[in-house]
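Since the structure comes first, as structure tokens, the remarks are kept for the end.
The values are calculated or read from the model by the stated rules, or taken from the named source; none is laboratory data. Source: prediction; values computed, not measured. Note that each Cβ is placed from the backbone with ideal geometry, even for glycine, and that neighbours are counted across all protein chains shown.
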Amino acid sequence: MVARRRGRQFYQGSFWGAQTGPNPTDRAKLGSKRHLICDGRGVPLAIQLTGANRNDSQYALALVDAIPNLQGERGRPRHRPDRVLGDRGYDAESIRQGLRDRGIIPFLAKRNTEHGSGLGRWRWVVERTFAWLNQFRRLRVRYENRADIHEAFLSLGCALICWRFLRVDWAA
């Protein structure tokens with residue numbers, strides 16, 4: 001015999017599962033946020049899933065540390081990129097110092113300044129990668145209440161984007 005739960009199957013606030021939080025821009029509905037770091041062509045290097053109410057700057061250094069070894073020329077493989085570009089959400093002196101400690105040059109837009117920092121020339125690459133991820137219908141809206149399943153689909157989407165780049169490179 002199995003014990004049966006009475007009442008609602010999902011309790012309020014736990015329906016969307018872990019790594020969700022009240023969205024500050026959408027009437028405090030529960031949602032999640034994707035943090036992505038990619039190379040200059042738009043190939044995703046690392047992705048993380050957090051609650052929508054989390055600040056971008058809390059996960060910046062963890063995202064840089066999640067980058068796998070990069071293939072370079074013969075010899076010791078590169079572990080990290082030379083420079084990192086980021087928008088105003090990542091502007092904090094602790095992030096700048098953490099990137100410098102890792103040997104990375106930070107190019108982060110300053111808060112409380114006029115728009116036109118010049119990072120828009122490169123920022124569109126990340127936005128294009130997010131658009132590529134949103135082409136997968138399962139990733140456009142988060143339907144899963146378990147975060148590990150949604151992260152698995154995010155990883156699968158990133159792998160498919162990388163495979164498309166490899167297929168184009170091999171054909172050339």
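Can you tell me which residues in the stretch 35-56 are outside any loop (DSSP other than H, G, I, E, B), under 21 Å from Arg88 (Cβ atoms) and either at pLDDT below 85 or out of contact with any helix residue (DSSP H, G or I) (no Cβ under 7 Å at 6 or more places or on another chain) (or both)?
If the condition is that a residue be outside any loop (DSSP other than H, G, I, E, B), under 21 Å from Arg88 (Cβ atoms) and either at pLDDT below 85 or out of contact with any helix residue (DSSP H, G or I) (no Cβ under 7 Å at 6 or more places or on another chain) (or both), then Gly51, Asp56 are the ones that fit.
Which is acidic (Asp, Glu), modelled with pLDDT of 85 or more and within 16 Å of Ala46 (Cα to Cα), of Asp65, Asp101? Explain how you work it out, then say what you get.
Values: Asp101 fails: within 16 Å of Ala46 (Cα to Cα).
Among Asp65, Asp101, only Asp65 is acidic (Asp, Glu), modelled with pLDDT of 85 or more and within 16 Å of Ala46 (Cα to Cα).
Give me the pairs: first residue in the stretch 24-44 and buried (at least 16 other Cβ atoms within 10 Å of the Cβ), second residue modelled with pLDDT under 80, beta-carbon distance under 7 Å, and six or more apart or on different chains, which are they?
Note: pairs meeting the criteria are Leu30/Trp16; Leu30/Thr20; Leu30/Gly21; Leu30/Pro22; Gly31/Thr20; Gly31/Asn23; Ser32/Gln19; Ser32/Thr20.
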